[in-house]
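Here the structure comes first, spelled out in structure tokens, and everything after it is commentary.
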Amino acid sequence: MSKAYDRIEWDFLKVVMLRMGFAEGWVDLIMLCVSTVSYKVLRNRAEVGPIIPSRGLRQGDPLSPYLFIICAEGLSSLIRNREKAGFLHGVKVARSAPSISHIFFADDCLLFFKANLNEARIIKSLLAIYSAASGQQVNYKKSAISFSANMDEVSKGQELEIMMNSFWWGTKRNGDRGIHWRRWDSMCKPKSFGGIGFKKIRDFNIAMLGKQCWKLMTTPQSLVARILKARYYPRSILTEARVGFNPSYTWRSIMAAQHAVIQGSRLRIGSGLQVQITKDPWLPDVDNGCITTVLDESLATATVNCLMVPGQ
């Protein structure tokens, strides 16, 4: 959206809050906070003002992001109504996955619909209705449309490290190669180990992907977790999931971090009934959480509670 906060119509904001069920007295208090604002500016070192706006939300005000989300609920409702009526069809990555027609990120939004002229016209008309009511305008210069297609995995990490190498060691100019004073691997070591602390791009990327992998494990009820589970591991858990057939770029990236997350994770022992002695990583060891000692075959499927003394 173009100048998203500045264009919000106050009347629209009030109507949406009332339609969402907020108490009228509370809505009046919020509108007082919004509509009693005034500005002063300096022009040639002289103060000009007050300037009384007739619409818009103050950027930087901690209340404004919440009010903007409430306004965006107007567009969300329009899309949901058309979807329920069967005029729009969202994306489902698997039969058991939820249908996604739109995702909002503050003043940015993603819209999903069938790639045909009819649904494109419906989306365009909904945006026009929302714009006329709310004062918002779509910034077409910063908007894009794309169509579903399989993507080849392209890694840009080697390229970035080459650029970093070139910055420090010099580039080929007039046949000169520059002097490599130290190996790049040693430069990437932490300062406490004699390096400079540069980040290896691939390792840094794996760490970031590992955080996403951990979120999928710890918040399985989130929207993205439910979608990925329905598509890639409907009958298992994330630690047992595989890349599978025709995976998306996102899933391949998450799977690249799966081993690192499993290797660095440890199970917390409670009753010990669900943790296998020989298979699961339950030892509080930094390098390896699994038992490496060769144990009797009778313990192959035994759980940790077998090692506990009842009452102690």
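The values are calculated or read from the model by the stated rules, or taken from the named source; none is laboratory data. Just so we're clear, the structure is a prediction, and the values are computed from it rather than from any experiment. Backbone-built Cβ (ideal geometry, glycine too); neighbour counts: all protein chains shown. Ligands, DNA and RNA are stripped out before the accessible areas are found, and what is left, the full protein with its side chains, is counted by its heavy atoms. Shrake-Rupley method; radii C 1.70, N 1.55, O 1.52, S 1.80 Å.
Looking across the stretch 240-259, the residues that are open to solvent by 30 Å² or more (accessible area, probe 1.4 Å), in a helix (DSSP H, G or I) and in contact (Cβ under 8 Å) with a residue 24 or more places away in the chain come down to Y249, R252, A256. Does the stretch 72-93 contain any residue that is charged (D, E, K, R), surrounded by 13 or more Cβ atoms within 10 Å (Cβ to Cβ) and not in a helix (DSSP H, G or I)? Yes.
Identify all residues within the stretch 19-47 that are of a type in the set (S, T, N, Q) and in a helix (DSSP H, G or I); write none if there are none. Selection gives S35 alone.
Each row is one residue, and each column tells you yes or no for (1) exposed (fewer than 11 other Cβ atoms within 10 Å of the Cβ); (2) out of contact with any helix residue (DSSP H, G or I) (no Cβ under 8 Å at 6 or more places or on another chain).
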| position | (1), (2) |
| --- | --- |
| L267 | no, yes |
| G272 | no, no |
| I277 | no, no |
| D285 | no, yes |
| V294 | yes, yes |
| M308 | no, yes |
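You will find that of Q212, Q221, the residue that is at pLDDT 90 or above, open to solvent by 80 Å² or more (accessible area, probe 1.4 Å) and within 14 Å of the chain's Cα centre (by Cα) is Q212 and no other.
Do the conditions hold for V15, that is, is it in a helix (DSSP H, G or I) and either among the aliphatic types (A, V, I, L, M) or over 25 Å from F104 (Cβ atoms) (or both)? For V15, the condition - in a helix (DSSP H, G or I) and either among the aliphatic types (A, V, I, L, M) or over 25 Å from F104 (Cβ atoms) (or both) - is met.
Filtering P50, P65 for residues that are in a strand (DSSP E or B) and without any contact (Cβ under 8 Å) to a residue 60 or more places away in the chain leaves a single hit, P50.
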